[in-house]
Amino acid sequence: MIPMEYFLVLAAILFVIGAYGVLTKHNAIVVLMCIELMLNAANINFVTFAAYNYDIAGQAFVIMSISVAAAEVAVGIAILLNAYKLRKTTELDDAQLSTMRW
Amino acid sequence: MIAEYTWLVPFIPMMCFLIIGIIGRKTPEKGGYIAIAGALVSFLIAVAITVEYLGSDAYANGQAIESSIRWFDIGGYTINLGYYVDGLTCVMMLFSSFISTLIFIYSLGYMHDQGERKNRYYAEVSLFLTGMLGLIVSSNFLELFIFWEVMGLCSYLLIGFWSFRHDLGDAASANAASAAKKAFLVTRMGDVCLMGGLFIMLNLFHSLDYASMFESAEAVAAANPGLMTLGLCLIFGGVIGKSAQFPLHDWLPDAMAGPTTVSSLIHAATMVKAGVYLVARAFPLYVQDADVMLFVAIIGGLTAFIAATMALNNMNIKKVLAYSTVSQLGYMILSLGAGGYLWALGYEELGVLGFFAGCFHMVNHAFFKALLFMGSGSVIHGCGTEDMRLMGGLFKKMKITATTMLFGCLSIAGIPIFSGFWSKDLVIDTAMNAFNNGVDGAAIWFLVLWLLAVITAFMTAFYMFRMWFMTFMGEPRENAQHCHGESPKTMTTPLIILAVFALISGLFMFFGLDQMLAFEGEAIDGPEHALELFTNPFTYLTIVLAVLGIGIAYMMYVKKTINPGKFNKEGESWLYKALTMRWWFPDLYNQISWKFGYGVAKGVNYVDRQIVDGTVNGLSSAVVGGGDVMSKVQTGHVQDYSSVVLIGVSALSVLVIITFALLGGM
């Protein structure tokens, strides 16, 4: 049997890669993709614990999580599309988008 | 029982103050007659009270008639309001209301051409009289302190009566507004001390009522000698301020900027007498401590001497009189101090003699000083100047003024039969007694004080007659030439009445005043002591010195056989300048107030602005600045926010793991 740690380390690596992408990438689409990476890292953890603990609840949560993530990405891309229509760009450090504060 | 209505004595002048203040403008002389009537009624009530008190059992037993109502409670202390009538109260009430009445009558003439401002004048002098009479009949120290302050206020208002006159410069001696401020602030120094003293007394006695304090004075003084000494010294600080004693004496000469009638009121009937009265009133407390009494006597003796020296070469007729007042007040304080010292050592009869001499001199001084001031007012009224160098030869033009003033001068110089002789020689006698019976160092002090007192007697005779000769004798100079003759009757009548009193008031001690001014039931035998004066060689010494002083003044200023310029190198000598500069006391005051007072003020200002305000401002600017700095965190970049979240979560996770690891969990 493959040890549990392998899955957890994989999930951790995926999560960190995703987090790195979210924090550093300038393109909003890449950021969204990275968010998907982080979500899937969490999903792997869920599945892993579910398998090793013989608990079906973990897998049920993953199904739930995937569907919510799909919906979230749909909304996110819709917003991005609108922003692109207005600004003709999907760069996150666009002057007008990033001065939306105070 | 007329004594039950003692409260009317200060109440009537107070009503006059209100009436004159409100409707005085519409009455003849702008309220002058109302003020006179008020003072006169007060005097008559005082006479009735005195007559009743002298016939009462309390008087026969050497006690006071006293009654109080509760005013308020603070903590465990009860403060009362009431009246306290004993011999001293009666004497004080009588002379101050009587002299005030005469001064108010005199004001009709003197202030006649002051127009609308007379209204203010009469209202204020009535309030002044209220202050003095209230202070006299008070039954406790707090009540006394209130009236004490009322007088402080009135003296400020009246000295600054001509506050719009700035023609002579800004110095206090030349400007009524500055003089008023100076009088107010300098006496304030004393008042703060007095208040501190009263706090200590309240703490020691748990009451400020005379009756209960005097009863327990001995026990309290035995239990808390240190605090008692401090309290008494602080109360005496109030006296130093109010009665213009050394080193706070310098406000009184400057107070001459006010109208002459006000000077007369301040010097004879009210204000400065309040300080002496306070010592006499608190005498049962003071005699508990011989050292304090020695201190009091030293201050008195020094004041008498220093003030007399400054009068020697002054050219202003009113200022000479002002210095003489300070000097005579010094005599009174010296006498009370020496008498109290003797009593504290157990020489009761000699102690009472000192007490009597001090109070007696206060009464006599009230008469002759009121007379002298009103006489000088009459001269000023006639000549339009206060500078004696511009007078001279006025005897022919102002016979009544000159004669009455001569009576005053003879009295203050201490020529036998005139009132000043009796009391002044008793004062000097008391200093001698204190020397004879004092212990160690104190005896030496009293010898020095006795010497100072004797020299002062000589100087007094000299400068008073210098004033009289310069004013009334010799050839008429500038202003005297166009003097328009004698003053009106309203002014000369009070002068004549006072001249009679200056002649006879010394004889009161043969007719009962000695019994009235008793202390704790002990009284001296007036006639006996009066006659004893004539068997005392020192009495003749002072008489000879006084006559010598008059003689020198005569030679210098009438016969011109001695040139005064020879002694002072024509005004160039060091001593002459020192006297003209008043021993540099005004400069000293300035230095103290600028260097010390202003320094303290600057320090306080610094603390207030930098530390108190600084704390508040610093706190608020720290909050605002902190907010400014922290707002920079809000970059608007989603990624910055998310990195903060990530760092936070990571840190939290690490923390949780470390915590679990440390707790040896899992």
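The values are calculated or read from the model by the stated rules, or taken from the named source; none is laboratory data. It should be emphasised that the depicted structure is a prediction, and the values quoted were computed from it without experimental measurement. FYI the Cβ positions are ideal-geometry reconstructions off the backbone, even for glycines, and counts take in every protein chain you see.
Values as computed for the structure displayed
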read-out: Residue count for the range B:70-101, restricted to those that are in contact (Cβ under 8 Å) with a residue 40 or more places away in the chain and part of a loop (DSSP other than H, G, I, E, B); value: 1
read-out: Restricting the range B:174-198 to residues that are at pLDDT below 90 and surrounded by fewer than 21 Cβ atoms within 10 Å (Cβ to Cβ), the residue that is farthest from the chain's Cα centre (by Cα); value: B:A174
read-out: Criterion (out of contact with any Cys (no Cβ under 6 Å at 6 or more places or on another chain), polar (S, T, N, Q) and within 25 Å of B:G551 (Cα to Cα)) met by exactly one of B:S378, B:S419; value: B:S419
read-out: Number of positions in the range B:538-556 that are surrounded by fewer than 21 Cβ atoms within 10 Å (Cβ to Cβ) and among the polar types (S, T, N, Q); value: 1
read-out: Breaking point among (1) among the aliphatic types (A, V, I, L, M); (2) crowded, with 24+ Cβ neighbours inside 10 Å; (3) on the phi < 0 side of the Ramachandran plot, for B:A222; value: (2)
read-out: Selected residue (criterion: surrounded by the fewest Cβ atoms within 10 Å (Cβ to Cβ)) from residues of the range A:1-57 that are within 12 Å of chain B (Cβ to nearest Cβ) and of a type in the set (S, T, N, Q); value: A:T24
read-out: Helices (runs of 4 or more DSSP H) wholly inside the range B:452-535 containing at least 2 residues that are at pLDDT below 80; value: B:478-481, B:513-516, B:526-533
read-out: Total residues in the range B:118-151, condition within 22 Å of B:S107 (Cα to Cα) and without any contact (Cβ under 8 Å) to a residue 24 or more places away in the chain; value: 1
read-out: Test result for B:W148, surrounded by fewer than 23 Cβ atoms within 10 Å (Cβ to Cβ), farther than 25 Å from B:I2 by Cβ and either modelled with pLDDT of 90 or more or not acidic (D, E) (or both); value: no
read-out: B:I306 more than 25 Å from B:A530 (Cα to Cα) and touching a helix residue (DSSP H, G or I) at 6+ places or on another chain (Cβ under 8 Å); value: yes
read-out: Residue that is nearest to the chain's Cα centre (by Cα), among those in the range A:58-79 that are surrounded by fewer than 16 Cβ atoms within 10 Å (Cβ to Cβ) and over 29 Å from B:Q639 (Cβ atoms); value: A:I63
read-out: Test set (1) touching a Phe, Trp or Tyr at 6+ places or on another chain (Cβ under 9 Å); (2) surrounded by 24 or more Cβ atoms within 10 Å (Cβ to Cβ) - B:V276 fails condition number; value: (1)
read-out: B:G648 vs. criteria within 30 Å of A:A12 (Cβ to Cβ), more than 10 Å from every other protein chain (Cβ to nearest Cβ) and free of Cβ contacts under 8 Å to residues at least 24 places away in the same chain; value: yes
read-out: Elements of type helices (runs of 4 or more DSSP H) contained in the range B:580-636, each with 1 or more residues being within 14 Å of another protein chain (Cβ to nearest Cβ) and small (G, A, S); value: B:613-631
read-out: Test: B:V656 is surrounded by fewer than 10 Cβ atoms within 10 Å (Cβ to Cβ), under 30 Å from A:Y20 (Cβ atoms) and more than 12 Å from chain A (Cβ to nearest Cβ); value: no
read-out: Cβ-Cβ under 7 Å pairs, at least 6 apart or on other chains, the range B:13-25 side in contact (Cβ under 8 Å) with a residue 40 or more places away in the chain and part of a helix (DSSP H, G or I), far side crowded, with 17+ Cβ neighbours inside 10 Å and among the aromatic types (F, W, Y); value: B:I20/B:Y122; B:G24/B:Y122
read-out: Some residue of the range B:360-372 being more than 18 Å from the chain's Cα centre (by Cα), buried (at least 24 other Cβ atoms within 10 Å of the Cβ) and of a type outside the set (S, T, N, Q); value: yes
read-out: Test: residue in the range B:557-572 that is aliphatic (A, V, I, L, M), surrounded by 14 or more Cβ atoms within 10 Å (Cβ to Cβ) and at pLDDT 75 or above; value: yes
